[in-house]
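Heads up: the structure comes next, in structure tokens.
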Amino acid sequence: MTTNQRDFLHSLWDFFCSLKLTMFLLISLAVISIIGTIVPQGMVPPEYLATISPAKHQIYKALGFFDMYHSWWFILLLYLLTVNLVACSIKRLPHIWKIISEPKLVMDSGLEQSLPSKASFNTGDRPEQLKEKLTAFLSSEFARPVLTEADGAWHLFAQKTPWCRLSVYFVHLSVIVIFIGAIIGSLFGYKGFVNIPEGQSISKVRSRTGKDIDLGFALRCEQFSVALYKNGAPKEFKSILTVLENGRPVPDYTNVRVIVNDPLTYKGITFYQSSYGNAGDYFFTVSAPDGKNAMPVTLSRNESATLPDGSTMHVMEDTDDVSKFVPNLTGPAVQLEMHTPRGATEKVIVYANHPELNIKFALEHNLGVVLQYKGSQKKMFTGLQVAKDPGVWIVWLGCALMVVGIYGAFLMSHRRIWIRLQNGHVTMGGNASKNQASFEQHFELLAKKLKTQLTVEEHL
């Protein structure tokens, strides 16, 4: 291998081990995540498309903003961060592992000068007795020591929680595990939605990208109910669902109650209560402005109807009592959206108990027809969000590793104490990998206690 090749590989290795690269990737992912919360993901609602220009829509689509977390450049950033974490760990781990597995047992003059915490005192005990006392003291007050003889002196070394130096690598590993779980969920899972009318069943759901996905079983909505506050706002809505295999109810999954934050999970697929609405039929009569040529029209909530004059209409909202919105009127009413042959769009409120208002509106807006509302057949549907994520348990494992790593990295430290016994003179030193100020206080108390104990025993 030539010198230029070695230099290039060395530079490439340093690049992936760089802390600057780590910060750049983390900041980039954070900024991109903000974009992902602002721009709708999956199937873009028409309301959002109406707020942006066609040119901006094309740019967003080309950049993958509408499915950002599956875009090639977002996945590339995750791969780069993974490589960066692995490279940093490989570069620094051998040094840390050597500190843990091969600690320096002898406190020579060089180590003594580098230690921030030191104490020394003389004692008249014989070396053999003093070794036993120091060993017993460290074992009871700190940790069991290792005894070494070198250069005519006895050295004792004791340490606590050396493994906490590996905590940062637990954090690195947890991030990688979370990425792996997220990628598995992205490749083999999906998120979608489905509406199920009461008494009906479905075996497919629609993903956010508009693709139909076969569940492998059927789900039936037995009943839907909603409780309202006095002002008409929904208080609680719930679905009674049954899972069907080969047309038969599955034991333990029959008549299962599903409410917000209490989903149903079957074969790794989770159904969350999301929305509801009326899936029944609405009944109208359509006539000319003079009342002639009246004909019935039946319209469901999710359908459009074409009227004799070429207009189209669909139901937007309905109420059983319009007095909540118009105090002087009573009875049921429906709000429609009509598209006239002239290309105009009209929002029309059609009353059941006030046909004169329906005629007045049609004449004032030059509509070619008059609509009269004849009531509806109530039939509710439940709206469910559907999610399958086979990588979720891997993500939870990564989260658990991260908690362990963060706890060890921030709340624990590697503490070490050396004692040298030479010619009746005791020299004590120590340090901590972090929170040195707290260790300094603990060290001073230990040194004071040891000196007092040896002095008392010597006088005895």
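The values are calculated or read from the model by the stated rules, or taken from the named source; none is laboratory data. Quick caveat: nothing in here was measured; it's all calculated off a predicted structure. As a convention, Cβ positions derive from the backbone with ideal geometry for all residues, glycine included, and neighbour counts pool all protein chains shown. The protein model used for the area step is the full one, side chains on, heavy atoms only, and it has no ligands, DNA or RNA in it. Shrake-Rupley method; radii C 1.70, N 1.55, O 1.52, S 1.80 Å.
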Problem - Residue that is farthest from W97 (Cα to Cα), among those in segment 428-442 that are in a helix (DSSP H, G or I) and without any contact (Cβ under 8 Å) to a residue 40 or more places away in the chain - result: Q441
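Quick check: anything in segment 213-222 open to solvent by 40 Å² or more (accessible area, probe 1.4 Å), part of a strand (DSSP E or B) and either under 18 Å from A387 (Cβ atoms) or of a type in the set (S, T, N, Q) (or both)?
yes
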Completion exercise
For strands (runs of 3 or more DSSP E) lying entirely in segment 345-427, having 3 or more residues that are over 30 Å from D151 (Cβ atoms) picks out 345-351, 370-377, 380-388
Practice task
Answer yes or no: is there a residue in segment 153-161 that is part of a helix (DSSP H, G or I) and surrounded by 13 or more Cβ atoms within 10 Å (Cβ to Cβ).
Solution key: no
Practice task
Starting from residues that are charged (D, E, K, R) and surrounded by 15 or more Cβ atoms within 10 Å (Cβ to Cβ), keep the ones in segment 113-134 and report whichever is nearest to R165 (Cα to Cα).
Solution key: K118
Practice task
Kindly indicate whether any position in segment 182-195 is open to solvent by less than 30 Å² (accessible area, probe 1.4 Å), in a strand (DSSP E or B) and farther than 30 Å from R92 by Cβ.
Solution key: yes
Exercise for the section: Scan segment 343-361 and report the pairs whose first residue is within 15 Å of T330 (Cβ to Cβ) and free of Cβ contacts under 8 Å to residues at least 60 places away in the same chain and whose second residue is surrounded by fewer than 17 Cβ atoms within 10 Å (Cβ to Cβ) and of a type in the set (S, T, Y), with Cβ atoms within less than 9 Å and a gap of 6+ or a chain change. Expected result: N353/T330; H354/T330
Completion exercise
Note on segment 253-272: residues on the phi > 0 side of the Ramachandran plot and part of a strand (DSSP E or B) are none
Exercise for the section: Look through K235, K292, K230 and report the one residue that is basic (K, R) and either closer than 17 Å to M380 by Cβ or under 25 Å from the mean Cα position of the chain (by Cα) (or both). Expected result: K235
Exercise for the section: Return yes when S275 is part of a strand (DSSP E or B), open to solvent by 20 Å² or more (accessible area, probe 1.4 Å) and touching a residue at least 40 places away in the same chain (Cβ under 8 Å) and no when it is not. Expected result: yes
